[in-house]
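Undergrad: The structure under discussion is supplied below as structure tokens; questions concerning it will follow.
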Amino acid sequence: MTDSAKPTLLIVDGHSLAYRAFFALPVDNFSTKDGQHTNGIYGFLSMFVNLVKAEQPTHLAVAFDTSRHSFRTDQYPEYKANRSESPAEFKGQIPLLQDCLAAMNVTVLTKEGVEADDILATLATQGVEQGFNVLVCSGDRDTIQLVTDDVTLLYPSVQGVSQLKRYTPDAVVEKYGLPPANYPDIAALVGETSDNLPGVPKVGEKTAVKWLTQFGSLDELLTRADEIKGVVGGNLREHLDTVRRNRSLNALLRDVELDAAPADLGTQPIDAVAVRDIFARLEFRTLLPRVFEAMGGDPADAAPAEPAVAAPAPVEADAAGLTAWLAAHTAHPEFGVTVTVEGGLPARVGLATLESAVEATWSPDVADALRPWLESDTPKVFTDAKTQVKALRRADVVLSGLACDTLLAGWLLRPSLPDKNLADLVYRFLDEKLPEADPTQLVPETEGATPAQLAWYTLRVTAALRDELPASVASVLTDIELPTLGTLAAMELAGVAVSHEKLSSFSTELGTRADGIAQEAYATIGREVNLGSPKQLQEVLFEQLELPKTRKTKTGYSTDAGALADLQESHPHPFLDLLLQHREATKLRQIIESLDTAIGGDGRIRTTYVQTGSQTGRLSSTDPNLQNIPIRNEESRRIRAAFEVGAGYETLLTADYSQIEMRIMAHLSGDEGLIEAFNSGEDLHRFVGARVFGVEPSDVTPAMRTKVKAMSYGLVYGLSAFGLSKQLRIEQAEAKQLMMEYFARFGAVRDYLRSSVEQARIDGYTETIFGRRRPFPDLTSPNRVLRENAERAALNAPIQGSAADIMKIALFRIHDELASADLASRVLLQIHDELVVEVAPGEWDAVAEIVSARMGDAAELTVPLDVQLGRGDNWDDAGH
DNA sequence: GTTGCGCGGCC
DNA sequence: AGGGCCGCGCAACG
């Protein structure tokens, strides 16, 4: 019976229901791409939103156990002792589930020393006293004792958590033959195997109910136990204490002191942004609309917090107005600046202090009014400065005084977060909502922020970020990232000359070849399939040709190059080789086509470097990506050959660091063998091979060199014996042996790698030589897959990141020095450990000297930084 | 049209 | 079961 006038309190046992969901749902279908299992979370939330939608509670809470330990285990150590340790895959899900509930503004209750069901019992009791209809949802049968006219139990059926059975007093009587208050008596007699509480032998539910009905109460029954005849009577008399103990343990506590009373549990609107964030992290998609539907709230309606400070009303100005505004604010220490960009050129400009803001439409007059100030050292903060720096340079303004870019600072603080604009940062670091125009409406109801307001928010976000930035990270921002930004802007503006003629002829050639290969491939299998479709290929390989199944993927079986090579070895078939050739030809053609369409009217390709594009500190390159241009085989180098020296320049120069990551490893580990290798001038892999295999360097065979080379590079990535054996196509035992020999000679390397991961586990982050940090929360995860992935990444991060730092330092120093030496030569490309420079006529010697010197002295390591230069009319010829 | 996946290019 | 990226085509989804 529910009284609709009363408020409804719904209290849920989170632990028991999530645990049931964990076993009900296949773990394989519910895990994120980095290996976090989510089946328990998903199953619980799915049940939970259905429940909330159906019951429309006015008050709501979810209770969790804190640990296996409780007052019951104190009284009776065997309590639940038969339960095996809950799987690690499950444990890790509970904190995440609690995060989800927190985002949904659902109160999570826990209490040390008691179980979730005691919290349920306490709240149910209080709720009834305070006039609530109470709904209790638990997977533990002991909660049946809570059922009254005002308390209904929702209990998962055997089918799983999606079907809940309603236990009213009548339903309990129907099922057990006694009212709910007597259920613990029945359970005490029968015992509860899941709690490791044995009952009276030979006594089941039927007998227990019969006795309790006959004697009226458990006390009466126990007092008059001698009246029961037969073997069961004897059993009962022998187990009186057991029954009393069971009864005392299965009574739920109704007077636990809690942080919240029923009245405090009124349902709250969900935190739309937080829910979206955590669901995105857990890769839940279909659940999101269901949560909004059940819990109320509009997905678009992320509760806007009130700004802590009122935004100054932006004043529209002209050139003279801007000049006057600047004159009035000369004493101000720092300004927020926003230049909106349209078609690559400045459109509007906004300037802000915390108290005052001004904005204007860009014009030659405005440019002239602002130029001296923009080109001065006056500190200015931007969001996404690179885009604006480029637009300003196109308008003949060379920005100076860049003191912060919020995107960079936000990324340095949280390199894993996809904060790609000011709105994200305002939400995350100010806990406010940036006014945004509704793009779905022709005439937006809400106005978007104006340039001056954007500048004002940028200034405030900067302050919030600075508060959080550790000193070492702040120095990475000012000493590495901000100087790099200006250099990248110049590189992007310069672009690189690419020959359309070379590309298009090659593309045609590859197209013809791919078609021919495809025809041949079709002939070998007697039909035409789409060779680019992994799904159709699986049909051909594993069904038609009946080849053995390869490595499993999410959607079937792998058809990647490694798998095809394995198949070719064990079950040779002409189709396999043709497929590989076809892949190669079409891949190259794809690359060529995308490059060709990216060539601008002036014959140059302009990439965009994403300075926040990696978690380690590396750059990334997009639209098009110029950091993955083929090089590894002879033919593909024809693509590099299409990257040419531009008109008015003399030649291309390439400069790359040789083995920079291994050098950093030598530096960080202090391994004397490795340091000696780099100081000896001997080829690294030959030197290492000689040590590992115990031969003279001159006797190191190519096979030995290949092996130690793979091992050395693999080290930096956390390679396992399995991975090494696979790559080298040798037995795992041999790979293991190789690793052992390697570490026997270069033991400090292993010690360093181990200790750096351990340090990261303690600190929660790794650090590069220059202080760049990367957090690794998963190093302490109970989920083994997650933890081991984090360990490998943590092992690599300081090495890859330090290399990135060094290259950035070299890059901007080269750029600055070329400019200050009045050289026309310019850096065009950065490919992680390589630079491509366009050299102006007559400048080769000077440029080569600057490039090699600045790359060589970008960092002071215990081993030298070796730089290789190359020269040629095109990128292929300039390579070496 | 968007999204996830498999695959493969680079360092 | 090897760290960091970007982007293509296919297939499924809306």
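The values are calculated or read from the model by the stated rules, or taken from the named source; none is laboratory data. Quick caveat: nothing in here was measured; it's all calculated off a predicted structure. Methodologically, a virtual Cβ is constructed for each residue, glycine included, from the backbone with ideal geometry; neighbour enumeration extends over all protein chains shown. All accessible areas refer to the heavy atoms of the entire protein, side chains included, with ligands and DNA or RNA removed. Shrake-Rupley method; radii C 1.70, N 1.55, O 1.52, S 1.80 Å.
Undergrad: Would you mind estimating how fast segment A:109-186 diffuses translationally, via Stokes-Einstein at 37 °C and 0.692 mPa s with the Kirkwood radius over Cα pairs, in µm²/s?
TA: Stokes-Einstein gives a translational diffusion coefficient of 255 µm²/s.
Undergrad: Quick one: Kirkwood hydrodynamic radius for segment A:661-795, alpha-carbon pairs, angstrom, one decimal?
TA: On the way: mean 1/r = 0.0636 Å⁻¹.
Evaluated over segment A:661-795, this radius sits at 15.7 Å.
Undergrad: Over the heavy atoms of A:T701, what accessible area does a 1.4 Å probe trace out, to the nearest 10 Å²?
TA: 60 Å²
Undergrad: Could I ask something else about it? Using the Cα atoms of segment A:391-525 to build a convex hull, what is its mean projected area in square nanometres?
TA: Result: a mean projected hull area of 15.9 nm².
Undergrad: Right, here's the next one. Run the quick spin-label model on A:R281 and A:L240: label points 7 Å from Cα toward the beta carbon, then report their separation in nm to one decimal.
TA: Placing both labels 7 Å along Cα→Cβ, they lie 5.7 nm apart.
Undergrad: Give me the one-decimal Kirkwood hydrodynamic radius in Å for segment A:496-605, with the sum taken over alpha-carbon pairs.
TA: 15.4 Å
Undergrad: Taking all pairs of distinct Cα atoms, average 1/r, flip it, and tell me the Kirkwood hydrodynamic radius of segment A:224-293 in Å to one decimal place.
TA: The answer is 17.8 Å.
Undergrad: In Å and on Cα atoms, what radius of gyration and Dmax does segment A:18-77 show?
TA: In order Rg, Dmax, the Cα atoms of segment A:18-77 give 15.5, 44 Å.
Undergrad: Average projected area of the Cα convex hull of segment A:660-733, in nm²?
TA: With every direction weighted equally, the projected area is 5.1 nm².
Undergrad: Determine the alpha carbon to alpha carbon distance for each of A:K549/A:K726; A:K554/A:K726; A:K420/A:K552; A:K111/A:K175; A:K80/A:K229; A:K91/A:K736 and list only those over 29 Å.
TA: Those over the limit are A:K420/A:K552; A:K111/A:K175; A:K80/A:K229; A:K91/A:K736.
Undergrad: Can you tell me how much longer the chain between A:A846 and A:S194 gets when fully stretched, taken as 0.36 nm per residue apart minus their C-alpha distance, in nm with one decimal?
TA: 226.7 nm
Undergrad: Hand me the trypsin sites (Lys or Arg not before Pro) from segment A:83-142 located in a DSSP loop with no more than 11 other Cβ atoms within 10 Å, in residue order please.
TA: Working: sites: A:R83, A:K91, A:K111, A:R141; in loops: A:R83, A:K111.
Answer by residue number: A:R83.
Undergrad: Sticking with this structure for a sec: Find out how many positive minus negative residues lie around A:I831, taking Lys and Arg as positive, Asp and Glu as negative, among other residues whose Cβ is under 14 Å from that of A:I831.
TA: So the environment of A:I831 carries a net charge of 0.
Undergrad: Follow-up question, since we're still on this one. Under 8 Å for C-alpha pairs, at least 6 residues apart: give me the relative contact order for chain A, rounded to a whole percent. Let's see the in-between values first.
TA: Details: 1462 pairs, mean separation 83.9, N = 880.
Computed over chain A, the figure is 10 percent.
Undergrad: If you filter segment A:394-500 for trypsin sites (Lys or Arg not before Pro), then keep DSSP loop positions with at most 14 other Cβ within 10 Å, what is left?
TA: Here the trypsin sites (Lys or Arg not before Pro) that fit, given the DSSP loop and packing criteria, are A:K420.
Undergrad: Assign one of three labels to segment A:1-152, namely rounded, prolate or oblate, based on the Cα gyration tensor with a ≥ b ≥ c the square roots of its eigenvalues; rounded applies when a/c is under 1.5, prolate when it is not and a/b is larger than b/c, and oblate otherwise.
TA: Oblate, because a/c is 1.5 or more while a/b does not exceed b/c.
Undergrad: If each of A:S594 and A:A821 carries a label point 7 Å out from its Cα toward its Cβ, how far apart are those two points in nm?
TA: Between A:S594 and A:A821, the label points sit 3.6 nm apart.
Undergrad: Across the Cα atoms of segment A:309-390, what radius of gyration and what greatest pairwise Cα-Cα distance (Dmax) are found, in Å?
TA: Here Rg and the maximum Cα pair distance are 12.0, 34 Å.
Undergrad: Also, quick follow-up: Could you work out how much longer the chain between A:D751 and A:T32 gets when fully extended? Use 0.36 nm per residue separation minus the Cα distance between them, nm to one decimal. The partial results should precede the final answer.
TA: On the way: separation 719, 0.36 × 719 = 258.84 nm, distance 3.20 nm.
Full extension from A:D751 to A:T32 adds 255.6 nm.
Undergrad: Assuming R0 = 22 Å, can you tell me the calculated FRET efficiency for the pair A:T361 and A:A324, based on Cβ-Cβ distance, to the nearest 0.05?
TA: Computed FRET efficiency for A:T361 and A:A324: 0.85.
Undergrad: Okay, moving on. Need one word for segment A:748-880: rounded, prolate or oblate. Basis is the Cα gyration tensor (sqrt eigenvalues a ≥ b ≥ c); a/c below 1.5 gives rounded, then a/b vs b/c decides.
TA: prolate
Undergrad: How much length is gained if the chain between A:V785 and A:A494 is pulled fully straight, taking 0.36 nm per residue apart and subtracting their Cα-Cα distance, in nm to one decimal?
TA: Gain on extension, A:V785 to A:A494, equals 100.3 nm.
Undergrad: Which percent of Cα-Cα pairs in segment A:449-554 sits in each 10 Å bin, short to long?
TA: 10, 18, 16, 12, 18, 20, 6
Undergrad: Calculate, for A:D857 and A:E112, the FRET efficiency according to 1/(1 + (r/R0)^6) with r their C-beta to C-beta distance and R0 56 Å; round to the nearest 0.05. Walk me through the numbers before you get to the answer.
TA: Values: r = 58 Å, r/R0 = 1.03.
Once the sixth-power term is evaluated, E becomes 0.45.
Undergrad: So, one more: Could you check how many percent of all C-alpha pairs in segment A:694-734 are farther apart than 13 Å?
TA: Pairs farther apart than 13 Å: 54 percent.
Undergrad: Follow-up. Calculate, for A:S86 and A:E227, the FRET efficiency according to 1/(1 + (r/R0)^6) with r their C-beta to C-beta distance and R0 41 Å; round to the nearest 0.05.
TA: Details: r = 44 Å, r/R0 = 1.06.
The pair A:S86/A:E227 has a calculated efficiency of 0.40.
Undergrad: Compute the signed sum of charges (Lys and Arg +1, Asp and Glu -1) over the other residues within less than 13 Å, Cβ to Cβ, of A:Q214.
TA: Local net charge: +1.
Undergrad: Just to be sure I understand the model, the point goes 7 Å from the Cα along the line to the Cβ. What's the resulting A:T553 to A:T148 distance in nm?
TA: In this crude label model, A:T553 to A:T148 measures out at 6.0 nm.
Undergrad: Another question, if that's okay. What value does chain A have for Rg/Rh, both radii from Cα atoms and Rh as Kirkwood defines it?
TA: Result for chain A is an Rg/Rh of 1.05.
Undergrad: Can you work out the accessible area per residue across segment A:441-533, with the rest of the protein chains kept in place, probe 1.4 Å, in square angstrom? Write down the numbers at each step before the final one.
TA: Details: 3830 Å² over 93 residues.
Result: 41 Å² per residue.
Undergrad: While we're looking at this one, here's another question. I'd like to know how segment A:315-469 sits against the 2.2 N^0.38 Å rule of thumb: what's its Cα Rg over that expected value?
TA: Segment A:315-469 yields a ratio of 1.01.
Undergrad: Please report the antiparallel percentage of DSSP beta bridges with both residues in chain A, rounded to the nearest 5.
TA: On the way: 50 of 75 bridges.
Expressed as a percentage, antiparallel bridges in chain A total about 65.
Undergrad: Roughly how many debye, to the nearest 20, is the charge dipole of chain A about its Cα centre, given +1 on each Lys and Arg Cβ, -1 on each Asp and Glu Cβ, and no other charges?
TA: Dipole size: approximately 2420 debye.
Undergrad: Which value, in debye to the nearest 20, gives the size of the charge dipole of segment A:772-849 about its Cα centre, when Lys and Arg are +1 and Asp and Glu are -1 at the Cβ? Don't skip to the end; give the middle numbers.
TA: Numbers: 9 positive and 13 negative charges, 157 e Å.
So the dipole magnitude of segment A:772-849 works out to roughly 760 debye.
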